[in-house]
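Following: one structure in structure tokens, then a few remarks.
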Amino acid sequence: MRSRHRPVMLMACMLALLAISATACSAPTGSAGAGSAGSAGSAGGTGPAGSVGSDAPEGWREGGWRDWDASDWAREAAAFFNPVIEGLWLPGRMLQGTSPDRPVDGNFEDAGVSDPEPEPVAARPVPVSYRDSAPVVGKLFFDTPEGPSVCSATVVSDPASPGASNLVWTAGHCVHAGAKGGWFRNIVFVPSYNDKGLSSEELIGVGKSELSPFGIWWADWAQTSPQWISEGTPSGGSGSPFDFAVLHVKKPAGSDYASLEETVGGASRVMFDAPSATKIAGMSLWGYPAAPPFDGERMFSCQGRPGRLSVRDDQPSLFRVGCTMTGGSSGGGWFIEDAQGQPALVSNTSIGPSAQTWLAGPYLGAGAKAIYDAVSDKFA
């Protein structure tokens, strides 16, 4: 069982590195830790570790999962299905992953409550190693009809398993296609992806231990909002106020890891019903931007004062922060400092414009908490 906890030292380090004001945002460390490489894991209900269970359609492992015919594409909330395919996410395939995000453009200022568009804030590279700088942050890999795709995600605490969480927070559009599609496939979480921050050129030919220092964690359950499933679109912003999801993951097969939280050394608290954007002095955004000028291989962060963005006057306004991160950062956590001086997740990246000047993420209220509690209770 591997876990290392150094919360006090690393929290102080992150506050020093990333403070932007007297009430600055903190880095999403939770606690800090380190581990070593693992291999692809197994998903609950899918048979022996590293195999496809009896509930998988015949031929799924041999390539049947590549059939995206609408009549067979699982869509409803209860139909999530993610059998493990051992050896699928090898380094070469990970490096092929592209962002599924589509920029949103249009005038949102006339709908609901929106603040003036923020000035762009240049994304800054996160110091390596990531397992020390931001151990709760990682990269999400999954397959869509267009091929291997990527998002960002965060290890979050589990109220049913204090100190031993296997929960991951990301965007709804990173796991489900929304109104005109279904659940994406082969969803895995890689904490501290590319821990040393190597460039695309330096990563050519590297092994699993370089890209996935804590192994590959397959999702055995995912849940997103009913609004995202019914309204979500790949462009235009529809469904973005409800664009969040929670995953439960299983440890890599054959590893001696305990829970995900114990393996990486921490998990972020999720703050529901956070203060209004008008009352937050600073917020930090984290992720692996993959669309140009970024390559998706390195972690970046933006920090700034949030404003509000409304896409529909009958739905909650989103948080909006000036940031130059691009597609691939979707699903990455947004953090503020709580009353105890600790970072708490209050949103995730959902949408941004083609000009790459800002990002917006949903306000996490009662609906988001219901999804979170449901996933926690399912594995309690």
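The values are calculated or read from the model by the stated rules, or taken from the named source; none is laboratory data. Quick caveat: nothing in here was measured; it's all calculated off a predicted structure. FYI the Cβ positions are ideal-geometry reconstructions off the backbone, even for glycines, and counts take in every protein chain you see. The protein model used for the area step is the full one, side chains on, heavy atoms only, and it has no ligands, DNA or RNA in it. Shrake-Rupley method; radii C 1.70, N 1.55, O 1.52, S 1.80 Å.
Modelled this way, with points 7 Å down the Cα-to-C-beta line, the labels at residue 161 and residue 196 are 3.1 nm from one another. Rolled with a 1.4 Å probe across the full set of protein chains, the surface gives residue 268 an accessible area near 0 Å². Per residue, the range 106-198 exposes 32 Å² of accessible surface when a 1.4 Å probe is rolled over the protein heavy atoms with every protein chain present. Ligands, DNA and RNA left out, the 1.4 Å accessible surface of the range 290-380 is 50% carbon and sulfur atoms. Rounded, prolate or oblate for the range 191-260? Axes are the square roots of the Cα gyration tensor eigenvalues, ordered a ≥ b ≥ c, and the cut-off for rounded is a/c under 1.5. Cα axes put the range 191-260 in the oblate bin. Here the range 214-324 is assigned +1 on the Cβ of each Lys and Arg and -1 on the Cβ of each Asp and Glu. Its dipole about the Cα centre then comes out at about 380 debye. May I ask which of 279/378; 196/251; 279/369 have a Cα-Cα span longer than 31 Å here? Long pairs (Cα-Cα over 31 Å): 279/378.
Note on residue 269: accessible area is roughly 100 Å² with a 1.4 Å probe, heavy atoms of protein only. The residues packed around residue 190, meaning those with a beta-carbon under 15 Å from its beta-carbon, carry a net charge of +4 if Lys and Arg are +1 and Asp and Glu are -1.
What net charge do the residues around residue 330 carry, taking every other residue with its C-beta under 10 Å from that of residue 330, with Lys and Arg at +1 and Asp and Glu at -1?
On the way: positive: none; negative: 101, 243.
Value of the local net charge: -2.
Atom-type composition of the exposed protein surface of the range 149-203 places 53 percent of the accessible area on carbon and sulfur (1.4 angstrom probe).
For residue 93 and residue 273, FRET efficiency with R0 = 41 Å and r from the beta-carbon atoms, rounded to 0.05? Here the calculated transfer efficiency is 0.55.
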